[in-house]
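One structure is given below, encoded as structure tokens.
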Amino acid sequence: MAYTKEELRAQEKAAKAAEKARQKRIARDEKAERKRSAKAGFANVNNPRRSVGLTIVSAIFAIYCLFPFAYLIINSTKTQADFSSTFGLGPGHSFAFFDNIARVFTYDGGIFTRWLLNTLLYVVVGAGGATLLAIMGGYALAKFRFPGRKAVFAVIIGSISVPGIALAVPQFLLFAKLGLTNTPWAMIIPSLISPFGLYLMWIFSEQSVPTELLEAARVDGASEWHTFWKISLPLLSPGIVTTALFTIVATWNNYFLPMIMIKDSNWYPLTIGLNQWKNQAATAGGIPIQNLVITGSLITIIPLVIAFLTLQRYWQSGLAAGAVKE
């Protein structure tokens with residue numbers, strides 16, 4: 001059936017009018033949706049909700065979190081005399097920040113440097129090993145089917161629910177029987193186990209590595225090891241960084257385990273070493289060095305702050321993995 005030019009023009013005009021009406025309807029609906037979202041308080045980039053109350057609460061929490069850091073920075077600039085005689089959040093009579101740093105690394109034969117190296121050893125070997133084991137274990141549990149898989153899952157969930165401090169005494173008794181107390185192995189071996197890291201990598205591998213991609217690699221003749229290193233590992237990088245951050249922080253800040261495992265000050269981590277300096281004033285004839293404790297504490301947290309700021313985007317994306325169901 002042939003149409004005349006007038007009929008074609010009429011149809012084209014009608015189509016344009018219908019499309020224009022559809023666009024107006026969409027714009028009207030979107031505007032109404034934005035108003036409903038703003039009224040309900042949901043996040044909307046086009047209608048951000050501003051709340052004075054929420055801003056004040058957020059500011060209070062920010063101050064609460066930054067207060068210890070500000071305390072460390074202010075008091076690391078004081079001498080011991082100023083630390084004892086001036087207000088905690090006020091400046092001292094002299095600026096001794098760089099002198100305090102120099103004294104931290106030279107006091108007691110430079111033992112702080114030894115403690116710092118010990119902590120780095122425990123973190124690199126212990127936390128690094130825990131991250132590697134969590135990656136490989138989580139990937140295997142997510143992508144391979146084998147008898148007892150559900151039982152392993154139950155054990156992992158049960159392990160997460162048990163606080164680490166509850167296992168410290170049994171671990172000490174076991175390591176004492178093996179003759180490993182007062183050695184670096186007493187810190188490294190327990191740090192290699194991270195049930196939460198294993199669970200996190202299990203969930204992340206389940207969501208981030210498509211099974212179809214692995215099947216295609218196998219069809220092309222790639223081995224499981226090659227598939228893991230060349231295909232799966234790059235996809236797991238956000239989860240790996242997240243797991244690494246958790247294990248690094250847990251090992252770096254570990255206090256109770258080294259306190260009962262290690263008695264030789266040459267193998268102390270920073271947490272125990274600084275606590276020993278803090279308690280020095282309570283001993284007979286002890287010299288108070290709180291200014292060095294504060295400065296050493298500031299130096300101790302700097303690597304963690306740098307790690308978090310550098311890897312923050314990977315950390316956030318790793319925490320959000322698996323939050324959306326497709």
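The values are calculated or read from the model by the stated rules, or taken from the named source; none is laboratory data. Everything numeric in this text was worked out from a predicted model, so none of it was measured. Neighbour counts run over all protein chains shown; Cβ positions are idealised from the backbone, glycine included. The accessibility values were calculated without ligands, DNA or RNA, using every heavy atom of the protein model including side chains. Shrake-Rupley method; radii C 1.70, N 1.55, O 1.52, S 1.80 Å.
A few comments on the model shown:
- The chain - percent of accessible surface contributed by carbon and sulfur, probe 1.4 Å: 67
- For the chain, with +1 on Lys and Arg beta carbons and -1 on Asp and Glu, the positive-most of LEU8, PHE228, SER191 along the dipole: LEU8
- Centre separation in Å (Cα based) which lies between region 158-207 and region 224-282: 11
- Between ILE203 and SER84, the C-beta separation translates, for a Förster distance of 41 Å, into a calculated FRET efficiency of about 0.20.
- Difference of contour (0.36 nm per residue) and Cα-Cα distance, LEU174 to ALA59: 36.7 nm
- For the chain: accessible area per residue (Å², 1.4 Å): 62
- 10 °C / 1.306 mPa s Stokes-Einstein diffusion coefficient of region 112-244, Kirkwood radius on C-alpha pairs, µm²/s: 96
- Estimated translational diffusion coefficient (Stokes-Einstein, Kirkwood radius over Cα pairs, 20 °C, 1.002 mPa s) of region 223-285: 143 µm² per second.
- Axis angle, to the nearest 10 degrees, between helix 97-106 and the longest C-alpha principal axis of the chain: 60 degrees.
- Remark on the chain: ratio of C-alpha radius of gyration to 2.2 N^0.38 Å is 1.48.
- Angle of helix 128-143 to the longest C-alpha principal axis of the chain, folded into 0 to 90 degrees and rounded to 10: 30°.
- Counting only alpha carbon atoms, the long axis of helix 237-252 and the longest principal axis of the chain meet at about 20°.
- Exposed-site-free run, longest, the chain (rule: chymotrypsin sites (Phe, Trp or Tyr not before Pro); DSSP loop; at most 15 other C-beta within 10 Å): 145-254
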